[in-house]
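One structure below.
The values are calculated or read from the model by the stated rules, or taken from the named source; none is laboratory data. On a predicted model such as this, the values are computed, not experimentally measured, just so you know. All Cβ positions, even for glycine, are placed from backbone atoms using ideal geometry, and neighbour counts span all protein chains on display.
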Amino acid sequence: MIIKNLKLKGFRNFEELEFFPGENMNVIFGDNAEGKTNLLEAIWLFCGAKSFRGAKDKELVSFGKNFAVNECEFTFGGVEKFARITIEEKRSAELSGNKLSSAGGLAGKFFAIVFSPLDINLVNDGPAARRRFLDTAIGQIYPSYNEKLRKYVKAVKQRNSLLKDLKYHPELDFLMEDFEEALSHLAGDIVKYRKKYIELLQKYTSEIYEGISGGKEELKIEYFSSLGSDLSKDCLKEMYLKSRREDIFSGATSIGPHRDDLLLTLDKKAIKSFGSQGQRRSVALSLKLSEAMVLKEITGEYPIALLDDVMSELDKGRQDFILNHIKNWQVFITCCDPANIDGLKEGKIFKMQGGKLVN
């Protein structure tokens, strides 16, 4: 897919901006706080997801403005499409003239992957960061996954609330069966989605990491499930029943996909424990680029690649791979130091200054 034209009005520090990017590599450079990351954030919203920076919707509107409007003309599958996002207290969206029930309705209609400096937390942080990566990636491909995950999270919260009550009111134990019935059904589906996705992801991660690192180590990824290998509904229901006593004591549900993790190793050593800063950054970037390859395999189209401040901590070899070996994608890279893009062989370069682009 290709963005043809992007218009922003009242979004972040953009009073008004119109952007005609190139179809392949687009580099946006400039000082900090000029709007480079804001531009990538605006594009990302067309996936139907929330800000990758964790901002609330109302924080996306320019100071002193009541609303923002983002418009995007793009092609997908050879068909020209138009999307509009209006941001007030919340986001609303239209696609090719049709009003959607929510901005989330854009999921599955526009595809992108984003890498920001915070994404090194995929490696450095705890399991929750890696689960968020999986959930966001899977949700783009299979919007129905988002609904299953929403229902599962709600059921876990309800069970946890009841677990706390059961400490003092054991007579309420009969209520637990309904929640565990829902969990045993939803948990199995979520883990199956995740395992299937990991199988697809693994096909690309080793090759991409080899390209970024120069073939120095072998990257492996593996999904660890607290539920084991038997994901049948009856088995999972029995597991929740057996864990009930311990869970009443702790006041929290101890098993399920909300406790699972993605194990990352280089040459069979845990990256989180033994990897250098450069290795961790390269692994996180490999996961994101592999996410794009999975999207291509499933949808038949390369997603938009949004790479925020990806160049600053990479050596020349890794910079060359990013700039010149990502082919047939529309890529947006931001950086502060123009020296980091000296090796660019093909593409368009833009300077961001005060919320305006200079070609």
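Observations
- Of all residues making up the range 165-197, the number that are surrounded by 18 or more Cβ atoms within 10 Å (Cβ to Cβ) and touching a strand residue (DSSP E or B) at 6+ places or on another chain (Cβ under 9 Å): 3
- Some residue of the range 250-273 being more than 18 Å from R130 (Cα to Cα) and either among the aromatic types (F, W, Y) or not assigned by TED's automatic domain parsing to the domain that holds E217 (or both): no
- Any hit, the range 76-98, residues being touching a residue at least 40 places away in the same chain (Cβ under 8 Å), buried (at least 17 other Cβ atoms within 10 Å of the Cβ), outside the structural domain of I138 (by TED's automatic domain parsing) and aromatic (F, W, Y): no
Here's the yes/no breakdown for (1) among the small types (G, A, S); (2) closer than 20 Å to E217 by Cα; (3) crowded, with 16+ Cβ neighbours inside 10 Å:
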residue: S276; (1), (2), (3): yes, yes, no
residue: I298; (1), (2), (3): no, no, no
residue: Y302; (1), (2), (3): no, no, yes
residue: K316; (1), (2), (3): no, yes, no
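- Only helices (runs of 4 or more DSSP H) whose full extent lies in the range 92-193 are considered here, and the ones with at least 1 residues that are of a type in the set (F, W, Y) and in contact with a Gly (Cβ under 7 Å, 6 or more places away or on another chain) are 143-166.
- Options V27, V123, V61: the member that is of a type in the set (A, V, I, L, M) and assigned by TED's automatic domain parsing to the domain that holds A284: V123
- When the range 343-359 is filtered for residues that are surrounded by fewer than 16 Cβ atoms within 10 Å (Cβ to Cβ) and either closer than 21 Å to N328 by Cα or touching a helix residue (DSSP H, G or I) at 6+ places or on another chain (Cβ under 7 Å) (or both), the ones remaining, listed by number, are G343, K345, E346, K348.
- Any chance T265 is out of contact with any helix residue (DSSP H, G or I) (no Cβ under 6 Å at 6 or more places or on another chain) and crowded, with 16+ Cβ neighbours inside 10 Å: yes
- For the range 303-329, filtering for residues that are out of contact with any Phe, Trp or Tyr (no Cβ under 9 Å at 6 or more places or on another chain), closer than 10 Å to M25 by Cα and not hydrophobic (A, V, I, L, M, F, W, C) leaves 2.
- Odd one out for L285, checked against (1) assigned by TED's automatic domain parsing to the domain that holds E15; (2) touching an Asp or Glu at 6+ places or on another chain (Cβ under 9 Å): (1)
- From the list G30, G48, the lone residue that is touching a helix residue (DSSP H, G or I) at 6+ places or on another chain (Cβ under 8 Å) and closer than 18 Å to F110 by Cα is G48.
- Exactly one residue out of N66, N5, N32 is within 21 Å of P117 (Cβ to Cβ), more than 21 Å from the chain's Cα centre (by Cα) and surrounded by fewer than 21 Cβ atoms within 10 Å (Cβ to Cβ): that is N32.
- Of all residues in the range 302-322 being closer than 15 Å to G214 by Cα and hydrophobic (A, V, I, L, M, F, W, C), the one that is modelled with the lowest pLDDT: L314
Okay, residues lined up against (1) charged (D, E, K, R); (2) under 20 Å from F14 (Cα atoms):
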position	(1), (2)
F74	no, no
A83	no, yes
E88	yes, yes
S92	no, yes
G104	no, no
K109	yes, no
D119	yes, no
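- Residue tally, condition surrounded by 18 or more Cβ atoms within 10 Å (Cβ to Cβ) and either free of Cβ contacts under 8 Å to residues at least 60 places away in the same chain or closer than 29 Å to E80 by Cα (or both), over the range 105-128: 10
- Number of positions in the range 204-232 that are in a helix (DSSP H, G or I), at pLDDT 90 or above and either surrounded by fewer than 21 Cβ atoms within 10 Å (Cβ to Cβ) or more than 22 Å from the chain's Cα centre (by Cα) (or both): 1
- K288 vs. criteria touching a strand residue (DSSP E or B) at 6+ places or on another chain (Cβ under 9 Å), on the phi < 0 side of the Ramachandran plot and not hydrophobic (A, V, I, L, M, F, W, C): yes
- Long-range neighbours under 8 Å by Cβ, at least six apart or interchain, first residue over 21 Å from F20 (Cβ atoms) and assigned by TED's automatic domain parsing to the domain that holds R12 within the range 336-354, second of a type in the set (S, T, N, Q) and outside any helix (DSSP H, G or I): C336/N32; C336/S312; D337/S312; N340/S312
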